[in-house]
1. Right, A:SER275: in contact with a Pro (Cβ under 8 Å, 6 or more places away or on another chain) and over 30 Å from A:ARG338 (Cβ atoms) or not?
2. Only residues that are under 18 Å from the mean Cα position of the chain (by Cα) and farther than 22 Å from A:VAL354 by Cβ: list them for the stretch B:169-187, please.
3. Hey, does the stretch A:381-401 have a residue that's within 14 Å of another protein chain (Cβ to nearest Cβ) and either at pLDDT 95 or above or outside any helix (DSSP H, G or I) (or both)?
4. What number goes with the only condition from (1) surrounded by fewer than 17 Cβ atoms within 10 Å (Cβ to Cβ); (2) more than 11 Å from chain A (Cβ to nearest Cβ); (3) in a strand (DSSP E or B) that B:VAL129 does not pass?
5. Here is a list: B:ALA156, B:ALA182, B:ALA141. Which entry is small (Gly, Ala, Ser), closer than 23 Å to B:ALA115 by Cβ and within 14 Å of chain A (Cβ to nearest Cβ)?
6. If we scan the stretch B:112-128, do we find a residue that is closer than 21 Å to B:GLU187 by Cβ and touching a strand residue (DSSP E or B) at 6+ places or on another chain (Cβ under 9 Å)?
7. For the condition in contact with a helix residue (DSSP H, G or I) (Cβ under 8 Å, 6 or more places away or on another chain), surrounded by fewer than 23 Cβ atoms within 10 Å (Cβ to Cβ) and not in a loop (DSSP other than H, G, I, E, B), what is the one hit in A:ALA187, A:ALA183, A:ALA154, A:ALA171?
8. Please tell me if A:HIS304 is within 10 Å of chain B (Cβ to nearest Cβ), under 26 Å from A:VAL113 (Cβ atoms), in contact (Cβ under 8 Å) with a residue 12 or more places away in the chain and of a type outside the set (A, V, I, L, M).
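The values are calculated or read from the model by the stated rules, or taken from the named source; none is laboratory data. All values reported here derive from a predicted model rather than from experimental measurement. Glycine also receives a Cβ, built like all others from the backbone with ideal geometry; neighbour counts cover every protein chain displayed.
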Amino acid sequence: MSQLAAIFALALGAWAHARGLGALSNELGWSQAPHAIAADQSNADDAVLFDAKTLARIRQHSPRPAPPADPTNRVADDPRAALLGQRLFFEKRWSRNGEISCATCHDPERAFVDAKPLGEGLTKLERHTPGLLDVAYNRWFFWDGRADTLWSQALGPFENDAEMGGTRVGAAALIASDENLRADYTALFGAPPDVGDAARFPRDAKPSDSNAAANALWLAMRADDREEIDRAAANLAKCIAAYERKLITGPSPFDRFVEGLEDGDPEKLGALSPSAQRGLALFVGKANCRLCHSGPSFSDGEFHSIGVAPLAGPPPRDSGRHAGAKLVREAPFNAASRFSDAPDGDVAQRLATVRSGPEMWGEFKTPSLRNVGRTAPYMHQGQFATLEAILHFYSTMEGALAVGHHQETVMQPLKLDETELADLVAFLRSLDGADVAEELKRAPSGG
Amino acid sequence: MRTNSLSLPLLPSLPRRSSLAQRASRSLLAAFTLLAALTAGCGSPKHGAPRQAPPEAKAAAEAGPSPVAARVAPEWTGAHEVVGSTGSFLVRWRTTPDAIPMNEEFSLRAWVFAADDRERALTDVELVVDAGMPEHKHGMARAPKQTRRPDGSFEATGMLFHMPGRWELYFDVVRGELTERAQVRVELE
C-alpha cells in the first residue's frame with residue numbers, strides 16, 4: 001500500500017469510528033487505523049494494521065467472562081466460607097513443623113508464587129509452584145491435572161510429606177480446638193467431628209502411599225470415623241477453594257486495548273505500545289501461540305509435551321499427565337466422589353472421558369498467560385527464568401527433547417528475529433492484570 | 001478415501017457487544033447453517049419434510065379419530081451426511097451445539113444407513129467416532145463416551161476440539177470383521 005493509500009485508509013477508518021461504524025470498518029479491513037493512531041499518533045509508520053481475521057482472533061481472548069461456577073462445592077461462593085478459607089490459607093499450625101502455610105509457597109506478595117524454579121515445602125519438590133491468580137478459571141489442577149476441582153487440589157499439598165506434611169485428623173483436631181475456627185466451621189457445616197479421643201483419632205493418621213506409619217494408623221481407625229474425618233477435610237478444602245476463587249485479577253492493558261478496539265477510545269487503544277501490538281499480531285498470527293494459549297485465559301486447559309528438558313537434564317523422568325490421568329479418575333475426592341456436591345454433574349461426567357495412553361507421557365498442563373510477567377520462572381520445573389528465554393526456546397527449539405514416542409508435531413521452531421521476540425515479550429507483559437485487593441493478601445483480622 | 005470438507009463456524013462463547021460486524025457474522029452463520037442444511041438435504045430428497053396426507057386420509061381425519069398416524073420427520077432430518085470410503089454406508093450426523101465450539105465439550109449423534117437404503121437406519125452395525133488434527137498428528141484430548149441409543153442411533157458425549165485449526169471427524173462403521181471409515185474435515189477458527 002502506498003503512503004497515500006495508507007493515509008487514506010487511516011482517515012477512512014477514523015471517520016468510520018467517529019460515525020460508530022468501527023466494527024463494520026473492521027470487517028472491511030481498514031478499521032485498524034484509529035487504534036494505530038491512538039497508539040502512536042506521532043508516527044503512522046508504527047501503525048499496526050490488524051485485518052478482520054486477526055481482529056476476530058484477538059476478540060477470542062477478551063473480554064474475560066466471570067469465572068465458571070463450581071457446583072461440586074456448595075460453599076464455593078459463600079463469603080463466610082471464603083473468609084474461613086482465607087484463615088486456613090495462612091494457617092501454619094496444621095503443617096508438620098508448624099511453620100508452613102499455603103502462603104509459604106503461594107506468596108501473596110509474589111503474585112501467589114514463590115519465584116523459585118522448584119517448590120520448597122518440608123523438602124524440595126520435583127515441580128514448580130503454580131500460581132493461584134485467576135485459578136478459578138482452571139479446568140484441571142496441578143501440572144498433571146490430577147485434581148478436577150479446586151477444592152480437591154487443596155487437599156494435596158496439605159498432607160504431602162514433602163510440602164506441609166499435615167494430616168486430616170490433625171486438621172480436624174485444630175478446628176475442634178480453636179474457638180474461632182470452630183465457630184466459623186460450625187456456622188457452615190455444623191459441629192466438627194469430636195476428635196477428643198486421640199487414641200481413636202490418632203493425630204498422625206492419614207492415608208499415604210509414602211508414609212507407612214501414618215497409613216497404618218489411618219487404616220486402624222473405624223470406617224465411620226474415617227468417613228467423618230474425610231467429610232471434614234473436604235469441607236475445609238472447599239473453604240480454601242472459596243477463598244482462592246476470589247483471587248481474580250482486574251483488567252490487563254491488553255483487555256483495555258481490546259475494549260478500545262470495540263469503542264474506539266484513544267486512551268484504551270494506547271494501553272498497548274506499538275511493539276506490544278506487533279507482538280499481539282504475532283501471537284495470534286505467525287507465531288501461532290493461540291494454538292494452545294487460547295481463549296480468555298490464554299490456555300486450552302489441556303496437556304502437551306513441548307520438549308523442554310528436565311531441570312537436571314535428560315532423560316525426563318516425570319510422566320506428567322500419563323500418571324495424572326489415572327490419578328484424577330481414581331481420586332477419592334474427585335468431582336464424582338461422595339464428597340462432591342455434584343457427583344453427577346458436568347465435571348464428574350468429564351472424568352469418564354479422560355484419555356490416557358503412552359502419548360500422554362511427559363505432558364503438562366498449558367499454563368495461563370495472564371499475569372505471566374510477574375510469575376517467573378516458567379515451565380513445570382521453572383526451567384526458564386525469563387520470558388525472553390522461553391521465546392528463544394520456541395524460536396529455535398534448542399535443547400528440545402527428541403520427539404520419542406510422541407507423534408504430536410505442534411512444536412516447530414518459530415524462527416523469530418530479535419525485533420519479533422521483543423514484540424512478543426512486550427505483548428506478554430501486557431497480560432498482567434490489576435492485582436487483587438490488599439485484604440485478600442493477608443490473614444483476616446480477628447482470627 | 002472420500003473426504004468431505006465442511007467449514008463449521010466457531011460458536012461464540014462470550015457475551016460481546018452487539019455490533020454491525022457481529023450482526024454481519026450472525027448473518028454469515030445463518031447462511032452457513034442454511035447451506036449446511038441444504039447440502040445435507042441434497043442426498044436425501046425422500047425424507048425431508050413430512051409427507052402430505054392423501055385426500056382420503058384427510059377426509060377420514062376430518063370425520064374423526066383415525067388409526068392412520070401422522071408421519072413425523074425422522075430425527076436425522078437436516079443432519080450432515082458423509083459416505084464411507086467404499087461407498088457402502090452413509091453416515092448422517094449432527095452435533096450439539098450445532099456449531100462445534102472451540103475448546104468446549106460437545107456431543108455428536110449419528111445414524112448409519114446402507115448406501116442403497118437411506119430410509120432405515122442400520123441396527124446391525126457398530127459405529128466408533130473419533131477425531132484428530134492430521135497436520136499436528138494428534139487426536140482429541142478426550143476419549144468420548146459412546147453409546148447406542150434405543151432407536152439405533154449412536155451418541156458420543158464429551159467430545160472436545162481443544163485447538164483451532166483443521167480437524168477430521170472419523171466415523172468407523174464396523175460390521176462383523178469389516179470396518180469402513182467415513183471422514184469429514186472441520187475447520188475451527
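1. Criteria not met by A:SER275.
2. B:PHE171, B:VAL173, B:GLU180, B:ARG181, B:ALA182, B:GLN183, B:VAL184, B:ARG185, B:VAL186, B:GLU187
3. no
4. (1)
5. Residue meeting the stated conditions: B:ALA156.
6. There is no residue in the stretch B:112-128 that is closer than 21 Å to B:GLU187 by Cβ and touching a strand residue (DSSP E or B) at 6+ places or on another chain (Cβ under 9 Å).
7. A:ALA187
8. Yes: the conditions hold for A:HIS304.
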